[in-house]
Structures are given as structure tokens and as C-alpha cells.
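These notes are about the structure you will find just below.
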Amino acid sequence: MAERVRAATTLAANTTAFMVCFVVWVQYGVVITFLVQRRAYPFTPSEAGWLIGLPVLTGALTRLPVGLLADRFGGRPVMTGILLWSAAATWLSGYADSFWGFVASGLTFGVAGASFAAGAAYTAVWFPPERQGTALGIFGVGNAGAALSTLIAPRVLTALTEGGTQLDRWRLLPRYYALAVLITALVYWLVTTPRRPPEEGRRSLRDRLAPMSSMRVWRFGLYYFLFFGGFVALAQWLVPYYVNVYLTSVVAAGALASLFSLPSALFRFLGGWLSDRLGARTVMYWVLSLCLVLVVLLFPPRVELQAPGSGVAARRPGVVERVNAGEIVVGSDRYVLQESGQGEGRVRFGIHRDDEGFLLLPTTTFHQVPVVQPGDTIASGQLLARGVTLLYFQANRTIFTTIVLLLGVTLGIGAGAVLKHVTAYFPGRVGLVGGIVSMLGALGGFCFPILFGYMLNATGIWTTAWMLLAAVTVICIVWMHAIVRRMMASAAPAAIREVEERSRT
């Protein structure tokens, strides 16, 4: 009974510490967007993407050594050290005052992201294999720190800066964060109990690093690159996305972004639980397929397009007598034009309006514009008025947010399934393998915002982000299916050949 209580206490402490570290780790997504929107610093979209991603880079690169240390010395001292470092680094980040200052700060406090490797290894040693997927899924709920950051930080920044009138007071936010992390470190050390894999201390460094030569580890890393990296990237990228595409305030954008990040964090538990019962590979097939469908649905951008339409031509030669918005008179002939006001109640072309209502499908309007003046002599068949077709696709914010919410749930379930893969194939080495896999996942969180920024600069289209995610998803599906086919062929080659022969008849 006492053992179960210690296991539950450790799991709760790890989850809380991970959540607090995650709040710190993703803070730049809110802070940089807030400062850029208010022109405190003239950062370009690509520069902002770099700044948002740099803390994630540090967290990614330090996860492997942190995982090794957690396997060797136990997760408790390693997690406590990460918390203390993060508290000091977060406090100092409030002194940044230039692009390179923000770069240095982001690289320093980004170590908070390595808390995942320490917490995963420390959690796994307290639970038997058949419960590790569920336990790590619960631990992964700490990702909710991203939702808390995007939900709370904009409101705190607005209050601290008095509505943006005292911008330099943004520096108080990282100091508040630092105090919260310091308190968490002290409580964490007091409530947890030391434990590490008993056999790990007898292994040489070469033996501990042996899993790095397994292609399976790197394949799991690619899955996590999509699921966790996509989660981290979108938790930050959705804030400027909503601000620019849907013209929301930073506070509203943070609230809407939290609708993505909070379910993604909470449903990691479901991913681990389902993987314990159905198998991680089955869950992965469903999750990857659903992920692809959802990101494809997000491809169409908000569109306002003007195209040539059907014009009006003269039936016979003559002299233009009168021209107005509704008609053109040539001699005895009267040509009625479709006016630009028709259909205006359904489409507000050229501007974004809050009262335009709910438009699910693309909507078009059509009007004709005179191209002749009174007194002009025209020939038979000459164009009198050109047609103009206006196409408008709203990319409705409610539909967009619903799809993004479902995508967040899908990414969370997928991340839980990947961790189950790790515990199933590499028991006793969760720190190292989890460190490699989570390192690659965190690199996704670093790379995606930067690539999103460059693709936005190149195309001017915000939805290119979803196209990139779709490409990575397809690679994951193809690689996983190829491996499964090879495993099946190796286990039962005769059965596979029989099935293929029957499918051709």
C-alpha cells in the first residue's frame, strides 16, 4: 500500500513539475507576439519564428543527456536541478532588450523543456510494464502547461503593461514565472522519494548508448517529431495565426490557442490507456490517418478573389448616349447592367467584418462595370461593360477552431501511443530512448515555427503551415506501413503471398 502511495505521489509531482516547466518553456510564443504586435521590437515573421523556436531547441538538445543522467542517477535529483536552473534563467530573461538578447535568453531558459526526459524516466520506474503506458500518459498531461501559458500570459501581460501603455513592464512576467518554478522545485524535492533502474548502474556508457543504433528508435522519434513537435509549434504559432488571419487581440488569440493545447495535453492519457489495451500500433494507424484528414481540411485559406466575368457587348454600331451604374444607352438600344450592390448582403469583399455571419462554402457575387463614355462611337460586338466575379471563402473561425481542437486531441493521443512504444521495446532504458525520442519531438517544436515563418514569407499564405504538417504525416504513414508489411512478410511469408495472389484474382 505504501508503495502505491509513493508511486502515485511521484506521478503527481512529476506531472506538476513538468507542467510548470512547460509554462516557462513556451512563454516566448505569447511574449514575442505581444511585443511585436505593439511594435516594441521590429522583428520580422521569420525572426519571430526563430525566437519562438529557440527555447524549444535548447530543450530538445538537452533531453538526451538529461535522459542518460536520469537513468544513471535517478530522475529526482535531475528534475530538481532542471527546476532550479530554469528558475534562475527565467528570471534573467526579463532583462533581454534586443534580438540577440532574446536569443540568449531563449537558449538559456529553454532547458526547462528537458524536464520531460527526467520525468518520464522517473515515472516509468514506479510502475509495471502493463501500466507504464497509462502512467506516462498521465505524466504527459503536463503539456497542459502550454495551454495555461497561452491562456493566462496574454491577460497578465495586458494587466502588467496597463493595456500596452507601459510596455517595459512585460519584464515582470518572467520574474513571476521564476518564483513559481523555484517554489515548485522546493516542494518537489520534499514530496518525492529516490529511485532509479537497478541494473542501469552496472552498465557501461557504451551499453547505455546501444539503443541509438536501432532504426526503431529514430522511427519513433519521427512520430514524436510530428505529434509532440506539432503540438509545441502550434501551441505558440496559433497565437499570431489568430491575430493575423482572424484579426483577434492577443488575449483572444491566447484563449483560442488554449482550445488546441489543453485537449492535446489531456488526451495523452487516453493515448497511453488505449495503447495498453489495443496496442500502440493500432492506435498509431488511426491517429495518423485522422491527423492527415484534419490538416488537409485546414488547407483552404481565407480567400478574396476577383476574376473576369461575363461582359456586355454592343449588338449594333452607334454612339453612346448615356452611361450609369445600371445601364448603357447606345442610340435606340438600352443595355441593362448588373450592379455591384447586388448580393452585397452575403459577401463583404475586401474587408473583414464581424457581422458577416456564418458562411460555410465559398460565396460569389457578380457585377458589370462600364468601359465606355457618353459620346463614344462603337462598333458592333464592341465591349460596353466588363464582368467582374468576386469569390469569397470565409474560412469560418468557428469551423477552423473546431478542426484545430480535434487536431489537438489527435496529436495528444498519438504522443501517448509513441511513449507506449518506447516502454514496450526498451524497458529499463526509458530515460535514454525517451530522451532521444523526445529530443526529436522537441526539435519538431523548434523547426516547425521557423519553417512556418519562412513559408509564410515566401507565399504570404498562412495555411502553408498545414501543408507542411500534412507532408510529415504522409511520411510517417508510409514508413510505418512499410515496416509493418516487412514484419508481416518475415513472420508469415506464405500467408502474405496467398493474400496478395487472391487480391489479384
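Every read-out reported here was derived from the displayed coordinates using simple, explicitly stated rules and does not represent laboratory data. Keep in mind that this is a model prediction, so the values were computed, not measured. Cβ: placed from backbone, ideal geometry, glycine included. Neighbour counts: every protein chain shown.
What to note about this one:
- Rh by Kirkwood over Cα pairs, then Stokes-Einstein D for the range 102-198 at 1.002 mPa s and 20 °C, µm²/s: 133 µm²/s
- Rounded to 0.05, the FRET efficiency of the ARG316 and VAL293 pair, given R0 = 45 Å and the Cβ-Cβ distance, is 0.20.
- Of TRP237, VAL336, ALA114, farthest towards positive along the dipole that unit charges on Lys, Arg, Asp, Glu beta carbons give the chain: ALA114
- 222 nm mean residue ellipticity, helices alone, for the chain (DSSP H n ≥ 4; -39,500 (n - 2.57); rounded to 500): -22000 deg cm²/dmol
- For LEU298, no residue whose modelled amide H falls within less than 5 Å of its own remains once neighbours fewer than 5 places apart on the same chain are excluded.
- Once both labels are positioned 7 Å from their Cα atoms along Cα-to-Cβ, the gap between THR377 and ALA252 label points is 5.9 nm.
- A simple spin-label model places pseudo-atoms 7 Å from Cα toward Cβ; at VAL474 and VAL329 they are separated by 6.0 nm.
- Scalar couplings 3J(HN,Hα) for the range 277-284, obtained by applying the Karplus form with A = 6.51, B = -1.76, C = 1.60 to θ = phi - 60°, are 9, 9, x, 5, 5, 4, 4, 5 Hz; x denotes Gly and Pro.
- If you plug the beta carbon distance of MET215 and THR282 into 1/(1 + (r/R0)^6) with R0 = 25 Å, you get a FRET efficiency near 0.70.
- For VAL330, nonlocal amide neighbours, meaning residues 5 or more places apart or on other chains whose placed amide H falls under 5 Å from its own, are GLU321, TYR335.
- Projected area averaged over orientations for the chain, convex hull of C-alpha atoms, nm²: 32.6 nm²
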